[in-house]
1. Provide the gained length on full extension for the span residue 442 to residue 78, in nm with one decimal, where the gain is 0.36 nm per separating residue minus the Cα-Cα distance.
2. Please label the shape of segment 382-459 as rounded, prolate or oblate, based on the square roots a ≥ b ≥ c of the eigenvalues of the alpha-carbon gyration tensor (a/c under 1.5 means rounded; beyond that, a/b larger than b/c means prolate, else oblate).
3. Relative to the compact globular guide of 2.2 N^0.38 Å, what is the alpha carbon radius of gyration of the chain, as a ratio?
4. Any idea what angle helix 409-422 forms with the longest principal axis of the chain, computed on alpha-carbon atoms, 0 to 90 degrees, nearest 10?
5. Expressed as an acute angle from 0 to 90° and rounded to the nearest 10, what is the orientation of the C-alpha long axis of helix 383-401 relative to the principal long axis of the chain?
6. If each of residue 419 and residue 97 carries a label point 7 Å out from its Cα toward its Cβ, how far apart are those two points in nm?
7. Rounded to the nearest 0.05, what FRET efficiency is calculated for residue 184 and residue 144 with R0 set to 25 Å and r the Cβ-Cβ distance?
8. Can you give the FRET efficiency to the nearest 0.05 for residue 319 and residue 205, using r as the Cβ-Cβ distance and R₀ = 30 Å?
């Protein structure tokens, strides 16, 4: 069932993104009065098609779902002898260079527009996000060295106002990408207000060193490595499973776990992690029940997860942090959508640049298997998370298609840029060589991505 959900979520997301990308090319071509012969969702053999519209454009569904294309009337590929004089004027290569640039660029731009529209809608509707209140800070971490202890609410990072935990992660990622030696963090020591807003003026500002993490940690939990984590609820037992190990140990709903084997349990997440790391190992739990101390013995059940043995206690434990809802007026939501799209695009470009110079491992490249897995996970997490996923992938597609690699939109834009500067077009011979190089690069990237996906998911 999970596999089917994942597959459907992946296919739907990919189809939406491909359609919007190709519609960008299509709409701009129509605007520039260039004749569109075919609009295909998918590549390869056409499974179904139908012609309609003033130009009798063929709208097709093709066999390979990983892509799509818009076929324009093009003298390089089409026989124009049977084409009317009026339609010959609408042939793609006969257009001036600025029209060709607009048509090619419209595809990636459509992906950015889609991201902005979806984000704007989410901000208008309201997006629940964890409050940026810190859980207990581990000793000897960068956050501890800076003077943070837990319970503080982050209100700014490097001068940027912070309203939720997602913004903390985003800003810290940006700082890591820029290789900052240290980051200033403004905090207040009291809880955030009930509406999720904290004072914008911090009670104190600390300088947190970044020498405990590197750019190689960007795809890992570098935030946790720095000692930062969002506050979680107390380690309180919820509903227990009849006959499960928690019930057998005598645990009851409402019990608060204080210690495991003498070690303090700071919150519900610490309890979950302690149980997961102790499959089949007897544990001594010091709990508080109706304000009375109780000591129990519990042996976590042994379960298998991705070929690893983990512990389970057969009881519900809430690890959900306190939440706030981001909700803006239409103009503010639009500006936030544009800003978030721009920031995500910039970080994506920086990441690609770091890979090219060897600062970031190629292990960070993800392919269709990982994307499908993320699609399934976010779909199961709810509509808002799934739409967030679509936004991120749409931005990624937009950025990737603008890379100056032949066969991609960015490669064609590079050719046209040369034409603008020199006044002459790229020869067919050079374009053919570039095409072969581009196919080789994309093929190699796909192989690396699939290899990384297999290692990441199955090993």
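1. Taking residue 442 through residue 78 to full extension adds about 128.4 nm, to one decimal.
2. Because a/c hits 1.5 or more and a/b fails to exceed b/c, segment 382-459 counts as oblate.
3. For the chain, the normalised Cα radius of gyration comes out at 1.20.
4. 50
5. 40
6. The modelled label-to-label distance comes out at 0.8 nm.
7. FRET efficiency, residue 184 to residue 144: 0.95.
8. That gives a FRET efficiency of 0.50.
Where a number appears in this text, it was derived from the coordinates with a stated rule and is not lab data. All figures in this text were calculated on a predicted structure; none of them were measured in a lab. Using ideal geometry, Cβ is built from the backbone for each residue, glycine included, and neighbour counts are taken over all protein chains shown.
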